[in-house]
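First the structure, in the form of structure tokens, and then the observations on it.
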Amino acid sequence: MMIIRFLQENSLYVLLALAAVCTCVWLLLLRRRLRMAWPVAILLSLLHVAYGVACVKVFAIMEGGSAGAMSLFGAVFFMPLAYWLGAQVTKRDTAEVFDIFAPCMIFTLFCARINCLVSGCCLGRIIPGLEPLRWPTREAELVFYVVFLAFVAPRVFREKTYGQVYPLYMFLYGVVRCVLECFRVSATNGIFHLSHVWAVLALIVGFVLYSEIKRRHTAHTARGRS
């Protein structure tokens, strides 16, 4: 009982620790592709989670929330900056950096959304006529993470990607959140609220970047065959 109570009271820290461990294992498995020593992989795992937490907290404050609030869109929009800067400073391939680190970020957000279930936040609206049942918005988002990771992680591991993973995630996540936000509890009384703006922005940016990366890859492949 004490262990269960401890896990419930410290669920966020436990889940973030799990995210850091899984990120570390993933980076250690792929560290040779980034020419990364194993101590650096461990350090980056911790920094990755810490920076991610800072992103979601800062973004929540920018939205007008309290210091303890979190907005997952902060990670969606701010994590690419860290990946890009890291690739430029260390002279690593940008596409490789994004593809390898994208699953780490997605799994971390998966853990953060599980914490929403444990803490009882980010609820779906009550389903009319089926009170007190609510729309399973958090559960649906978790399913999206699982399906997306199951699709892209093996491809990244087998070097079957070319920098399109993060833009594809942004686009699909924007689409999913656009739908789910209509069924979530919000500070406004209407169906549409601020998170819809971020969701639309994410899907637009993701679609544009994905289309451009795919176009360049197709053109490069065609030149290689000619």
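The values are calculated or read from the model by the stated rules, or taken from the named source; none is laboratory data. Just so we're clear, the structure is a prediction, and the values are computed from it rather than from any experiment. A quick note on method: Cβ atoms are made from the backbone with ideal geometry, for glycine too, and the neighbour counts reach across all protein chains shown. For the accessible areas, the whole protein counts, side chains as well, though only heavy atoms, and no ligand, DNA or RNA atoms are used. Shrake-Rupley method; radii C 1.70, N 1.55, O 1.52, S 1.80 Å.
Using θ = phi - 60° and the Karplus relation 6.51 cos²θ - 1.76 cosθ + 1.60, list the HN-Hα couplings for region 142-147 in order, rounded to whole Hz, with x at every Gly or Pro.
Couplings: 5, 4, 4, 4, 4, 5 Hz.
Want the number for LEU133 to VAL58: 0.36 nm per residue separation, take away the alpha-carbon distance, what's left?
Separation in residues times 0.36 nm, less the Cα-Cα distance, equals 23.8 nm.
Which angle from 0 to 90°, rounded to the nearest 10, does the C-alpha axis of helix 38-62 make with the longest principal axis of the chain?
With rounding to tens, the tilt is 50 degrees.
Run the accessible area of the chain with a 1.4 Å probe and give the carbon-and-sulfur part as a rounded percent.
The computed percentage sits at 71.
Could you give me the ³J(HN,Hα) list for region 160-175, computed from phi with Karplus coefficients 6.51, -1.76, 1.60 and θ = phi - 60°, whole Hz, x at Gly and Pro?
For region 160-175, the Karplus curve yields 9, 10, 9, x, 8, 5, 5, x, 5, 4, 4, 4, 5, 5, x, 5 Hz.
If I model a spin label at VAL40 and LEU117 as a point 7 Å from the Cα along the Cα→Cβ vector, what separation in nanometres do I get?
3.7
Would you mind getting me the FRET efficiency between ALA219 and GLN88? Use the beta-carbon distance for r and R0 = 22 Å, nearest 0.05.
Taking R0 as 22 Å, the efficiency between ALA219 and GLN88 is 0.40.
Pull up all non-local amide H partners of ARG125: gap of 5 or more, or a different chain, and H-to-H distance under 5 Å with H placed in the peptide plane.
Close amide H contacts, sequence-distant or interchain: TRP135, ARG184, VAL185.
Taking the alpha-carbon centroid of each part, what is the distance from region 131-181 to region 33-93 in angstrom?
18
I'm a student and want to see the number: the projected area of the Cα convex hull of the chain, averaged over all directions, in nm².
With the hull built on Cα positions only, its mean projection is 14.9 nm².
Between HIS196 and ARG32, 0.36 nm times their residue separation minus their Cα-Cα distance comes to what?
Full extension of this stretch gives 55.1 nm more.
ILE126 to LEU81: extension gain in nm, 0.36 nm per residue of separation minus the Cα-Cα distance?
Between ILE126 and LEU81, full extension yields an extra 12.5 nm.
Taking only Cα atoms and a 10 Å spring cutoff, compute GNM fluctuations for the chain and point out the largest among MET62, MET79, MET105.
The residue with the greatest mean-square fluctuation here is MET62.
Looking only at PHE78, PHE101, PHE151, which one moves most when the chain is put into a Gaussian network model with springs between Cα atoms under 10 Å?
Taking springs between Cα atoms under 10 Å, the residue moving most is PHE151.
From the Cα gyration tensor of region 145-196, with a ≥ b ≥ c the square roots of its eigenvalues, which class applies: rounded if a/c is under 1.5, or else prolate if a/b is larger than b/c, or else oblate?
prolate
Could you give the spread of the C-alpha atoms of region 183-222 along their three principal axes, from largest to smallest, in whole angstroms?
Extents along the principal axes: 52, 13, 9 Å.
Per residue of region 113-129, what does 6.51 cos²θ - 1.76 cosθ + 1.60 with θ = phi - 60° give for ³J(HN,Hα)? Whole Hz please, x for Gly and Pro, Karplus curve as stated.
6, 4, 4, 4, 5, 5, 7, x, 9, 6, 6, x, 5, 5, 6, x, x
Run the helix sum for the chain: -39,500 (n - 2.57) per DSSP H stretch of 4+ residues, divided by residue count, reported at 222 nm to the nearest 500 deg cm²/dmol.
Dividing the helical sum by the residues of the chain leaves -25500 deg cm²/dmol.
Quick one: if you stick a label point 7 Å off each Cα along the C-beta vector at ARG155 and ILE204, how many nm between them?
Roughly 2.6 nm, to one decimal.
Along the Cα-to-Cβ line of VAL146, 7 Å from the Cα, sits a label point; which residues in region 102-121 have backbone N less than 20 Å from it?
Output list for this probe position: 103-121.
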